[in-house]
Amino acid sequence: MQPIIRLDRVTKRFGHETALDDVSLEVPPGVVFALLGENGAGKTTAIRLMLGLTEPSAGSVEVLGLDSQTHGLEIRRQVGYVPERPTFYDWMTVSEVGWFTAGFYGDGYETRYRELATEFQLPLGRKIKALSKGMRAKVGLSLAMAHQPKLLVLDEPTSGLDTLVRREFLESMVELTAAGQSVLLSSHQISEVERVADIVAIIRGGRLLLVEPLDELKAAVRQLTVTLSDGAVAPPRLAGELLCERHHGRQWQMIVRSPSNDQDQRPDNEFELLRDDPSVRDLEIHTPSLEEIFVAYLKSASEPAEGVDYEHAEPSAVIEDASQ
Amino acid sequence: MFFAIDPANGVAIYQQIVRQVSFAVAGDALQPGDRVPSVRQLARQLAINPNTVARAYQQLQDERVLDAVRGTGLVVARGALKRCRQIRADVVRQRIGQVVAEARQSRLTDEEIRALVDEQLATQRPQTNEIFAPQTNDSPDVNTKQES
């Protein structure tokens, strides 16, 4: 199937700053694709490139099979986009802004907009400037969905919104995916991403650290707490990728990614082998939440390079507990 | 039936749904012929990805807990009760396995472990009905939307 979004070796520089560095990814149709990253990691830049709102310094971006450099307008017409801080003509009423926006889209837009606004219990006759933050966000979402886009792009849509509004956004995303449409979600709300995402991508400092189906990621990563019999030695080496570790006396905590990519084969068995090591007194294996995995990846990315070798001098990945 | 999903739980979300449906059948909260919510309904109710619900339902069909009935949707299969009790027994077996491993790790002797199990068996009165499955009324549409 043709991907809904394709980034091919995309780099974007602003002066000397590199906002995105050689990023390649594909979003298949019918999924919720989540972009995770800290502020300034390059998520919004990636979204703006997709929508043709800015041009890549190198590489190419395609959305719905269209080149975003040459067909930005066409893409924006077909995609629904909720920016982080939507701006409206705030002297218009809720229904007027729908009527106004309908001018840019095809037939049926205004009707569908009114349906959505009613579903969201928005007061049609009230001026935008008199709306609460949550209501404004729902106006943004209604406008973005009224032309029944094949792809809905949400950039931090729920930051600062209350639980109920966030829930309504989630339900809308769920509805769209159930109808076979795709969602690109950039979010800080990792617990929401954990609920709805099919695929997650983690960006840090403009570089893509990971793109993977969420369930495969969660099946492969484990947090190990190892108690050693001797505080002077490092724990035995593990198969797989060490994402981050810290220790406090004889106890080490590591977040490790299993080397096997077989989803049904839980990695616990390989890690259980640690128990047989004479230096290990106790071992606990825990499946970390997406948030813990995310933090571990961000920490691992602050490393100079490939796998940390803790047989050699104290690596900087080791976060010494301050209380020692 | 009621579902309670914890996305941050170590158990994959689809697996949580598989377990909860199986446990509800094992506990008679769902009976053969009962309909389960559609993929869309359940995805919306739990605010989770519909692909996840579809995957759970697929597995439940593969395990012959659910049957697709044309025009109706998915219903609890005939003979599902026995299979679900088996599924639940497997889950309990796995948990007991974990507890035993932990007990061994704490250097308890087999005798001590048995004594602890016996103590629990003696203090916990037998349940008249199956445990786990929460009571259900027939409305599939629970704890979804509150008035905003």
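When only residues in region B:1-22 that are in a loop (DSSP other than H, G, I, E, B) and more than 9 Å from chain A (Cβ to nearest Cβ) count, which is surrounded by the most Cβ atoms within 10 Å (Cβ to Cβ)?
This residue is B:M1.
Is it the case that A:G106 is in contact with a His (Cβ under 8 Å, 6 or more places away or on another chain) and either of a type outside the set (D, E) or outside any loop (DSSP other than H, G, I, E, B) (or both)? Spelling it out, A:G106 is indeed in contact with a His (Cβ under 8 Å, 6 or more places away or on another chain) and either of a type outside the set (D, E) or outside any loop (DSSP other than H, G, I, E, B) (or both). Any chance region A:242-256 includes a residue that's modelled with pLDDT under 85 and assigned to a loop (DSSP other than H, G, I, E, B)? Yes, because at least one residue in region A:242-256 is modelled with pLDDT under 85 and assigned to a loop (DSSP other than H, G, I, E, B). For region A:145-159, which positions are hydrophobic (A, V, I, L, M, F, W, C) and outside any loop (DSSP other than H, G, I, E, B)? Answer for region A:145-159, where residues must be hydrophobic (A, V, I, L, M, F, W, C) and outside any loop (DSSP other than H, G, I, E, B): A:M145, A:L151, A:L152, A:V153, A:L154. Look at (1) modelled with pLDDT under 90; (2) touching an Asp or Glu at 6+ places or on another chain (Cβ under 9 Å) and you find that B:R55 fails only one, number (1).
Of everything in region A:40-70 that is within 17 Å of A:P83 (Cα to Cα) and free of Cβ contacts under 8 Å to residues at least 24 places away in the same chain, the residue that is surrounded by the most Cβ atoms within 10 Å (Cβ to Cβ) is A:R48.
For region B:36-58, taking the residues that are assigned to a helix (DSSP H, G or I) and of a type in the set (A, V, I, L, M, F, W, C), the one that is farthest from the other protein chains (Cβ to nearest Cβ) is identified as B:A56. I'm checking my understanding of the structure. Among residues of region B:100-114 that are surrounded by fewer than 11 Cβ atoms within 10 Å (Cβ to Cβ) and among the acidic types (D, E), which one is farthest from A:E284 (Cα to Cα)? This residue is B:E111. Scanning region A:104-127 for residues that are in contact (Cβ under 8 Å) with a residue 40 or more places away in the chain and either away from chain B (no Cβ under 14 Å) or polar (S, T, N, Q) (or both) gives A:Y105, A:G106.
Output yes when any residue across region A:131-145 is closer than 18 Å to B:R44 by Cα and modelled with pLDDT under 90, and no when none is. Scanning region A:131-145, I find no residue that is closer than 18 Å to B:R44 by Cα and modelled with pLDDT under 90, so the answer is no.
Going by what's in this entry, would B:A68 be described as assigned to a helix (DSSP H, G or I) and either closer than 29 Å to A:A179 by Cβ or away from every other protein chain (no Cβ under 14 Å) (or both)? Answer is no for this residue. Residues in region B:76-89 that are in a helix (DSSP H, G or I) and surrounded by 11 or more Cβ atoms within 10 Å (Cβ to Cβ): B:A80, B:L81, B:R83, B:C84, B:R85, B:Q86, B:I87, B:R88, B:A89. Count of region A:156-184 residues, restricted to those that are within 18 Å of A:L20 (Cβ to Cβ) and crowded, with 22+ Cβ neighbours inside 10 Å, is 1.
Any chance region B:23-35 includes a residue that's in a helix (DSSP H, G or I), β-branched (V, I, T) and more than 14 Å from every other protein chain (Cβ to nearest Cβ)? Checked region B:23-35: at least one residue is in a helix (DSSP H, G or I), β-branched (V, I, T) and more than 14 Å from every other protein chain (Cβ to nearest Cβ).
Number of residues in region B:47-59 that are under 24 Å from A:L184 (Cβ atoms) and either among the acidic types (D, E) or surrounded by fewer than 24 Cβ atoms within 10 Å (Cβ to Cβ) (or both): the value is 4.
The values are calculated or read from the model by the stated rules, or taken from the named source; none is laboratory data. All of these numbers come straight from a predicted model, not from anything done at the bench. No Cβ is skipped: glycine too gets one built from the backbone with ideal geometry, and neighbour counts run over all protein chains shown.
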